[in-house]
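Here, each number is a calculation from the coordinates, and none is a lab measurement. Everything numeric in this text was worked out from a predicted model, so none of it was measured.
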Amino acid sequence: METVLKKAVRTGMKVTIIYQARSGFISQRTIRVFSLKNNRIVAYCYVKNEIRTFHIKSILAIERTEQRMGVYMGYQQVAPITSK
């Protein structure tokens, strides 16, 4: 799982996760991962339309998507990713 998350940070690839909140509620989220640190990820959540923090241990499943976003620095887009 960490390998997919690290690659998502590097490449700008969106990922879809199945996430279990502390309350026990399980949801599916499509996210754009900004950072991975201290067993947490900071990501833009397309369901909530805001930057959120997710605990890695609460991610039940993860899947890469084929859609790439721009390359980000400090959460601001600085360059688009182009397909070859």
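Below is a table of values for the structure above.
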quantity: Theoretical gain in end-to-end length, SER23 to LYS37 [0.36 nm per residue, Cα-Cα removed]; calculated: 2.8 nm
quantity: In sequence order, calculated HN-Hα J values of segment 25-35 (Karplus, 6.51, -1.76, 1.60; Hz; x Gly/Pro); calculated: 5, 10, 9, 9, 10, 9, 10, 10, 7, 9, 8
quantity: Length released on extending from THR30 to THR53, taking residue separation times 0.36 nm less the Cα-Cα span; calculated: 7.0 nm
